[in-house]
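*Asks:* This structure is in structure tokens; I'll ask about it shortly.
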Amino acid sequence: MKRPTYYDERKRIINKNDKYADVKVVIKEIAEKGKWRGSYTYGYRRIIPLLEKAGYHMAETTLRRLMNELGVQPAMYNRRKNNHYSSYKGTVGKVADNLLNQTFDATSPFTVLHTDVSQVRLGDSTWAYMSVILD
């Protein structure tokens, strides 16, 4: 860490004055007014004009950071609660019966065949599919 950075951080730790303390109170009040069914509904785009009406002007990124610190982020309009995409739509097609029951010790040839399909890129940038069958 560079010397000026060290002393600057040290000075910030000692002074502990939050220059956004009064703005945080106003943000919290605005967010509380926008609560619906116990959840915050006002995002930063809605809070910015209300803050300017109250006499505070700030950048969007600063407001988003302060909202994150206060924990007043809206979660109501998120389509997925965990933000994880899943294309799973249930069981599609027919599931084959488990005839082998994981016993792969065949005594005669061509009774148990194992296969896997692999995708291989060719020299002319096209794809080929390779299916290997093991007996």
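*Asks:* On the full set of protein chains, 1.4 Å probe, figure out the accessible area of Asp124 and give it in Å² to the nearest 10.
*Replies:* 110
*Asks:* At 222 nm, what helix-only mean residue ellipticity would the chain give, in deg cm²/dmol to the nearest 500, using -39500 (n - 2.57) for each DSSP H run of four or more?
*Replies:* Result for the chain, helices only: -10500 deg cm²/dmol.
*Asks:* Compute the normalised compactness of the chain: alpha-carbon radius of gyration over 2.2 N^0.38 Å, N being the residue count.
*Replies:* Rg over 2.2 N^0.38 Å, computed on Cα atoms: 2.12.
*Asks:* For the chain, with a Gaussian network of springs between Cα atoms less than 10 Å apart, report the residue from Lys11, Lys24, Lys35 with the top mean-square fluctuation.
*Replies:* Comparing Lys11, Lys24, Lys35 in the GNM, the peak value goes to Lys11.
*Asks:* Under a plain spin-label model, where a point goes 7 Å from the Cα along Cα-to-Cβ, how far apart in nm are His57 and Lys19?
*Replies:* In this crude spin-label approximation the distance works out to 1.6 nm.
*Asks:* Can you give me the distance in nm between label points at Ser108 and Lys28, each placed 7 Å from the Cα along the Cα-to-Cβ direction?
*Replies:* Modelled inter-label distance: 8.0 nm.
*Asks:* At R0 = 22 Å, how high is the FRET efficiency between Trp127 and Asp97 if r is their beta carbon distance? Nearest 0.05 is fine.
*Replies:* 0.10
*Asks:* With r as the distance between the Cβ atoms of His84 and Arg46 and R0 = 25 Å, compute the FRET efficiency 1/(1 + (r/R0)^6) and round to 0.05.
*Replies:* Approximately 0.40, to the nearest 0.05.
*Asks:* Now a separate question. How much length, in nm to one decimal, is gained on full extension between Arg65 and Val117, taken as 0.36 nm per residue of separation minus their Cα-Cα distance?
*Replies:* 13.9 nm
*Asks:* May I ask for the net charge around Leu51, where only other residues with Cβ less than 13 Å from the Cβ of Leu51 are counted and Lys, Arg are +1 while Asp, Glu are -1?
*Replies:* Local net charge: +3.
*Asks:* If you don't mind, there's one more thing I want to ask. Please get the size of the charge dipole for segment 31-131, origin at its Cα centre, with Cβ charges of +1 on Lys and Arg and -1 on Asp and Glu, quoted in debye to the nearest 20.
*Replies:* 900
*Asks:* If you don't mind, there's one more thing I want to ask. Please sort by residue number the chymotrypsin sites (Phe, Trp or Tyr not before Pro) in segment 1-80 whose DSSP state is loop and whose Cβ has at most 12 other Cβ atoms within 10 Å.
*Replies:* Tyr77
*Asks:* Distance check, please: which entries in Lys24/Lys53; Lys11/Lys53; Lys28/Lys53; Lys33/Lys53 exceed 26 angstrom between their Cα atoms?
*Replies:* Violating the 26 Å limit, Cα to Cα: Lys11/Lys53.
The values are calculated or read from the model by the stated rules, or taken from the named source; none is laboratory data. Here the structure is a predicted model, which means the values were calculated and not measured. Every residue, glycine among them, receives a Cβ derived from its backbone with ideal geometry; neighbour counts consider all protein chains shown. For the accessible areas, the whole protein counts, side chains as well, though only heavy atoms, and no ligand, DNA or RNA atoms are used. Shrake-Rupley method; radii C 1.70, N 1.55, O 1.52, S 1.80 Å.
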